[in-house]
Amino acid sequence: LRLVPVLLVLHLLRRSGEGRQAIGLDMSDWRRDLVRGAGLAVILGGTGLVFYVIAYRLGMNVRIDAVTTDRTWWTPILLLASAAYNAILEEVIVLAYFIHRMAQLGWRPWRQVMNSALLRGAYHLYQGFGGFLGNIAMGTVFALLYRRWARVMPFLWAHLFIDAGAFLGYYYLHGHVSWLP
């Protein structure tokens, strides 16, 4: 039920005669997509973690509790499901579909990139100003590369790896490492 907006995007793409392949939502190049996604996750996820900790220490970020459920055997499964949900929802709609349709409307590439990144940053404002800026930076990189690759799958993988690493890392490391807020 929570993925209904993604189903609507798929319906609209099919209705216009394009299909999900128009945004690269397929497994036709899965190896390259997986490698690109992993590389993006390592680079952007690692950089993002460093900036999050710095911004938190400077008072620019709120403390984010990545885990709000009890410590049960199924908590890691729920965290992975949440990471997958975030990746699918955000990348299909805010990255791929948004840029795809804005290009069809004749928006200039820089406007597509800027608006996609600003939208991503805006709905992450709950993380504080640092989270807003970090998500604009990540959104800019994602949008630029999406325009180049024309495939959403690498970004689904990257987002899944980043969120899964953050959620599970926090779950297992919180209270055990001194530098983690």
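The values are calculated or read from the model by the stated rules, or taken from the named source; none is laboratory data. Just so it is clear, the model here is predicted, and its values are computed rather than measured. Positions of Cβ are backbone-derived with ideal geometry, glycine not excepted, and every protein chain shown enters the neighbour counts. Quick note on the areas: whole protein, heavy atoms, side chains included, nothing else; ligands and nucleic acids left out. Shrake-Rupley method; radii C 1.70, N 1.55, O 1.52, S 1.80 Å.
Points worth noting:
- Residue within region 18-30 that is at pLDDT below 85 and either under 17 Å from PHE142 (Cβ atoms) or part of a helix (DSSP H, G or I) (or both) present: no
- Hits in region 134-181 (condition: among the basic types (Lys, Arg) and touching a residue at least 40 places away in the same chain (Cβ under 8 Å)): ARG147, ARG151
- Only one of the numbered conditions (1) at positive phi; (2) in contact (Cβ under 8 Å) with a residue 40 or more places away in the chain is violated by ILE93, and that is (1).
- Residue match in region 11-27 (condition: of a type outside the set (Val, Ile, Thr), within 12 Å of LEU156 (Cα to Cα) and surrounded by fewer than 12 Cβ atoms within 10 Å (Cβ to Cβ)): yes
- Test result for THR69, open to solvent by less than 40 Å² (accessible area, probe 1.4 Å), at pLDDT below 95 and of a type in the set (Ser, Thr, Tyr): no
- If the condition is being in contact with a helix residue (DSSP H, G or I) (Cβ under 9 Å, 6 or more places away or on another chain), open to solvent by less than 90 Å² (accessible area, probe 1.4 Å) and of a type in the set (A, V, I, L, M, F, W, C), then region 28-54 contributes LEU34, ALA38, LEU40, ALA41, LEU44, LEU49, ILE54.
- When region 6-31 is filtered for residues that are among the charged types (D, E, K, R) and free of Cβ contacts under 8 Å to residues at least 60 places away in the same chain, the ones remaining, listed by number, are ARG14, ARG15, GLU18, ARG20, ARG31.
- Of the residues making up region 91-104, at least one is among the hydroxyl-bearing types (Ser, Thr, Tyr), at pLDDT 95 or above and out of contact with any Ser or Thr (no Cβ under 8 Å at 6 or more places or on another chain).
- Residue check, ARG120 closer than 24 Å to LEU1 by Cα and of a type outside the set (A, V, I, L, M): yes
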